[in-house]
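The values are calculated or read from the model by the stated rules, or taken from the named source; none is laboratory data. This is a predicted model, so every value here is computed, not measured. Cβ sites come from the backbone with ideal geometry, for glycine too, and all protein chains shown count toward neighbours.
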């Protein structure tokens with residue numbers, strides 16, 4: 001089946017899809033479009049869900065809430081940003097960068113002291129730098145090579161261990177071997193004292209490791225949140241999940257393996 005990712009060519013999503021499958025993916029204009037196609041069963045989606053520097057990726061978290069899909073795998077890609085331009089660093093007047101890239105490279109941008117203009121993707125940053133000869137794009141080495149823009153500065157990221165986690169989404173869940181993690185969405189519907197403790201205690205008392213917990217506004221008003229939880233799979237985890245489901249509405253995204261990215 002075709003693999004769909006956020007385009008255009010040159011995004012980190014594009015890069016990770018090629019590294020996973022060895023084939024060119026279907027490039028879509030938004031992360032929401034990737035979810036929509038996966039929900040129809042017409043594609044397998046690869047989307048970024050969190051970055052070690054900038055945190056959760058909002059459009060992906062919203063997509064998990066809106067669309068009926070399952071998570072069938074995860075992978076990790078080291079993220080390194082370069083500054084690419086047709087002119088030298090002394091002649092650059094502005095930097096084009098995706099908001100997540102800006103967060104991940106904020107210290108370097110502050111040192112450079114140049115105006116930063118946000119774009120919809122790293123690929124869009126590259127295209128803007130091609131349009132404006134005095135502009136520079138904060139992009140990957142692969143994107144710079146793809147669009148033929150000379151690299152004038154490397155290592156823009158705040159942290160050398162900067163990493164993005166991607167998930168594979170499909171219409172149906174994973175049923176193979178190698179499962180290591182499960183993901184759920186908890187929607188308490190109302191705020192009560194001790195809520196977070198009640199949500200986590202089924203896992204804590206069974207000594208189950210939670211690898212991630214993240215809140216996201218529910219859309220029902222200020223102070224109302226949904227919670228994303230990732231935890232290690234196993235029999236005890238299933239017991240904890242069954243206990244939790246008796247107390248609050250829970251949506252299961254499934255359990256899945258770690259995917260190998262060819263670096």
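One table, with the values for the structure above:
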read-out	value
Residue in the range 31-51 that is touching a strand residue (DSSP E or B) at 6+ places or on another chain (Cβ under 7 Å), closer than 24 Å to residue 162 by Cβ and without any contact (Cβ under 8 Å) to a residue 60 or more places away in the chain present	yes
Residue within the range 91-108 that is in contact (Cβ under 8 Å) with a residue 60 or more places away in the chain and in contact with a strand residue (DSSP E or B) (Cβ under 9 Å, 6 or more places away or on another chain) present	yes
Output for the range 14-42, where each listed residue is more than 23 Å from residue 103 (Cβ to Cβ) and crowded, with 24+ Cβ neighbours inside 10 Å	25, 38
Strands (runs of 3 or more DSSP E) fully within the range 32-132 counting 3 or more residues that are modelled with pLDDT of 95 or more and farther than 29 Å from residue 255 by Cα	82-85, 94-97, 115-118
Among (1) modelled with pLDDT of 95 or more; (2) surrounded by 22 or more Cβ atoms within 10 Å (Cβ to Cβ); (3) in contact with a helix residue (DSSP H, G or I) (Cβ under 8 Å, 6 or more places away or on another chain) - the single one residue 11 does not satisfy	(1)
Candidates 138, 142 - the one that is part of a helix (DSSP H, G or I), touching a residue at least 40 places away in the same chain (Cβ under 8 Å) and within 19 Å of the chain's Cα centre (by Cα)	142
